[in-house]
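Engineer: For reference, the structure I am asking about is given below.
The values are calculated or read from the model by the stated rules, or taken from the named source; none is laboratory data. Remember, it's a predicted structure, so these values are computed and weren't measured experimentally. Methodologically, a virtual Cβ is constructed for each residue, glycine included, from the backbone with ideal geometry; neighbour enumeration extends over all protein chains shown. When the accessible area is computed, the model is the full protein with side chains, heavy atoms only, and any ligands, DNA or RNA have been set aside. Shrake-Rupley method; radii C 1.70, N 1.55, O 1.52, S 1.80 Å.
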Amino acid sequence: MTISSAERRFRSRLRPALAALLVLVCALPLSAAAQDAAKDLRIYFIDVEGGQSTLFVTPAGQSLLIDTGWPDNNGRDANRIVAVAKKAGITKIDYVLITHFHVDHVGGVPQLVARIPVSTFIDHGENRETTDADTEKGWKAYQEILATGKYKHIVPKPGDVLPIEGMQVTVVSADGNVIADPLPGAGEQNSACNDLPKYPEDQTENRRSLGSVITFGKLRILDLGDLTHDEEVQLMCPVNKLGHFDIYIVSHHGWEQSSSPALVWGIAPRVAIMDNGAKKGGSTSVLDIIRKSPGLEDLWQLHFSEEGGTVHNTPTEFIANPDGPDAGNYLELIAHPGGSFSVFNSRTQKTKEYSAQ
Ligand SMILES: [Zn+2]
């Protein structure tokens, strides 16, 4: 078979053109969306039925789990955490932060470590509620895990910054102590401290909660575990030591011993996310305080609160698990480096966007 000189000329021109096209295709950057996704912080609010379990996955690929939910129930809570970790594309958890030693926070640790590798545990130190049998039991089970020597262990103090890459986590409360001075940019008088009730000192592990301020670019997120009113006012009155927030992870599952107006109205969050159960947390008074908070755009809830009823709960579209059989739906917050973020409800499969401010 012979090739005509015209065809040879055509082929000789075509080859470099094809090569050039190939180079161009290979050199094309990732799509804008894929590139942006790699820079996002993802936060998963896992439904552990009125306990806490919140998973952060940073753009640096590191993960922080705040609390592990309850024990027992055939590993229900650990299974839900692992399912969400899989969705997030992680196969181990770098840091597990235990806010305090109540069983709805530390209880899930043994079942969790049996299912997914964990590198480091962070907590406030000793159990201070040794008189409560359930708390002591959960604490001892956790101590046995630490005693295996397989894990690093950090016991930070207020003011410490945790060694997590891709976001800044500053401890603001631990073991009943709080930061002495306002955080950078904070420290203004808090008008929500006027007519402050005299809150009694909480005698449980709740007031020992390891609370943290998480910043990601301009975005500020507050998680205080189950910190009670008496400790909140130490952070917020007469001056607001914490500043304002984009996102408030509602303390104590929305129970009425936490989330004073001094805290909520002082930090003035744009979005509040409550890890309540159907019958645990979600107190009517707290639902009202949050929904009245100046500048609040939306309250999201993991469950419809039976106590709150339709009048006080947030609208159904913002609830992951409405009244009825429980499906363990989660909420996912995606934070972009420029300060904008979105919240995804795994039940409705809908996402709401929030622009940067
Ligand atoms: Zn709790």
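Engineer: When residues of segment 101-153 are filtered for being closer than 16 Å to Gly75 by Cα, open to solvent by 20 Å² or more (accessible area, probe 1.4 Å) and within 14 Å of the ligand (Cβ to nearest atom), how many remain?
Structural biologist: Residues flagged as closer than 16 Å to Gly75 by Cα, open to solvent by 20 Å² or more (accessible area, probe 1.4 Å) and within 14 Å of the ligand (Cβ to nearest atom) within segment 101-153 amount to 1.
Engineer: Taking only segment 264-294 into account, find how many residues are part of a helix (DSSP H, G or I) and either away from the ligand (no atom under 16 Å from the Cβ) or open to solvent by 10 Å² or more (accessible area, probe 1.4 Å) (or both).
Structural biologist: So the answer is 11.
Engineer: Ok, one more. Name, by its number, the condition in (1) of a type in the set (A, V, I, L, M); (2) crowded, with 24+ Cβ neighbours inside 10 Å; (3) away from the ligand (no atom under 12 Å from the Cβ) that does not hold for Val250.
Structural biologist: (3)
Engineer: Do you know which residues across segment 224-247 are within 12 Å of the ligand (Cβ to nearest atom) and within 18 Å of the chain's Cα centre (by Cα)?
Structural biologist: Listed by number, the residues that qualify are Leu224, Gly225, Asp226, Leu227.
Engineer: Taking the conditions exactly as written (under 18 Å from Gln257 (Cβ atoms) and at pLDDT 95 or above), does Val172 satisfy them or not?
Structural biologist: It is false that Val172 is under 18 Å from Gln257 (Cβ atoms) and at pLDDT 95 or above.
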